[in-house]
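The values are calculated or read from the model by the stated rules, or taken from the named source; none is laboratory data. These numbers come from a predicted model, not from an experiment. A quick note on method: Cβ atoms are made from the backbone with ideal geometry, for glycine too, and the neighbour counts reach across all protein chains shown.
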Amino acid sequence: MKSLVNEFVNYITIEKGYSRNTIESYQRDIVKFLKFIKSETRAIASIDEFSRVEQKGIIAYLLHLREKGFSSASLARHLVSIKVFYKFLMLEEIIDINPTENIESPRLLRHLPDFLTLEEVDRLLLQPDLNDNLGIRDIAMLELLYATGLRVSELISLKINDVNMERGYIITFGKGSKERVVPLGRSAQEKLKRYLEESRHILVKGRGGDDLFVNRFGEKMTRQGFWKIIKKYALLAGIKKDISPHTLRHSFATHLLERGADLRSVQQMLGHADISTTQIYTHVVRERLKEIYDKHHPRA
């Protein structure tokens, strides 16, 4: 189970972009939950048996916490942790039925996502060394992520044939294996073209395979690998924010909306099934506009 918890921590760190405090909190919650499930209900002994955990086992755990004096807010937080954990299990195809779907929890305030300013994005994109094959690959990945708003899992899963350079778009498969087409800007096209023409064949070292982005050993890029790359360049760029691959996805959506893009189009490009998920970015834009007004209006 330790390896599963580590994979979950990687997921919420790299894919979801959660803060350090949230990650530590979720990790504690899940370790506690797994210990209870294993010792009290004896429902699982290994990862392969996770499908045996039913909704009643999760409810039994929440009742156990209530009996120990946990507040309603603490119970709600534990349930949120468990729900995220089960989404991860579904994503990794460890289970095919999510027992948490119909367990209701109190509405919690949604935190506004962190995003980079245009100036910070520019500084970040200036960091890779374009005289180095790895640098040429890195700038292609960063430009592509910012240009499309892809999830990191979607980025590293891209195949060479998913890119249509002539027409300027990529095809990606998001949550639920839903296909979507996302436009590709000129700058990202140029960086990607250079990577494909000059660097990729050197990095793959004669190996086969059609993964678009590979590591220094010619193998498919991993979430952890790209997380380290973006952290390195954020440090070099002097960006103090707790940046993750998801930060560029948030920046993509925020900057589009700030410049007048309609919400439905942004929803489609992000691959959100429900527009209410996309609407969180309108709050970010409103806050940003208020900052600009307060700073520049003579009677603010």
Checking Ala273 against (1) modelled with pLDDT under 90; (2) part of a helix (DSSP H, G or I); (3) over 18 Å from Ile12 (Cβ atoms), the condition it does not meet: (2)
Near pairs, Cβ below 8 angstrom, 6+ apart or cross-chain, from the range 15-27 (among the basic types (Lys, Arg)) to any residue that is part of a helix (DSSP H, G or I): Lys16/Val84; Lys16/His246
Inter-residue pairs, beta-carbon under 8 Å, first touching a residue at least 12 places away in the same chain (Cβ under 8 Å) and in the range 221-240, second among the acidic types (Asp, Glu) and assigned to a helix (DSSP H, G or I), 6+ apart: Arg223/Glu15; Ile229/Asp138; Tyr233/Asp138; Ala237/Glu120; Ile239/Glu120
Of the criteria (1) within 13 Å of the chain's Cα centre (by Cα); (2) buried (at least 18 other Cβ atoms within 10 Å of the Cβ), which one Leu158 fails: (1)
Residue in the range 111-119 that is part of a helix (DSSP H, G or I), without any contact (Cβ under 8 Å) to a residue 24 or more places away in the chain and over 21 Å from the mean Cα position of the chain (by Cα) present: yes
Answer from Glu104, Glu93 - the residue that is at pLDDT below 90 and more than 22 Å from the chain's Cα centre (by Cα): Glu104
Filtered residues of the range 199-214 (kept if surrounded by fewer than 18 Cβ atoms within 10 Å (Cβ to Cβ) and either at pLDDT 95 or above or hydrophobic (A, V, I, L, M, F, W, C) (or both)): Ile202, Val204
Filtered residues of the range 236-247 (kept if of a type in the set (A, V, I, L, M) and surrounded by fewer than 23 Cβ atoms within 10 Å (Cβ to Cβ)): Leu236, Ala237, Ile239
In the range 248-276, the residues that are among the polar types (S, T, N, Q), under 19 Å from Thr172 (Cβ atoms) and crowded, with 21+ Cβ neighbours inside 10 Å: Ser251
Options Leu124, Leu130; residue that is in a loop (DSSP other than H, G, I, E, B), at pLDDT 95 or above and assigned by TED's automatic domain parsing to the domain that holds Leu270: Leu130
Residue that is surrounded by the fewest Cβ atoms within 10 Å (Cβ to Cβ) [pool: residues in the range 10-52 that are farther than 29 Å from Gly174 by Cβ and modelled with pLDDT of 90 or more]: Arg28
Some residue of the range 73-89 being closer than 25 Å to Thr22 by Cβ, modelled with pLDDT under 85 and surrounded by fewer than 14 Cβ atoms within 10 Å (Cβ to Cβ): yes
Residue satisfying condition, being buried (at least 22 other Cβ atoms within 10 Å of the Cβ), assigned by TED's automatic domain parsing to the domain that holds His272 and modelled with pLDDT of 95 or more, within set Tyr233, Tyr195: Tyr195
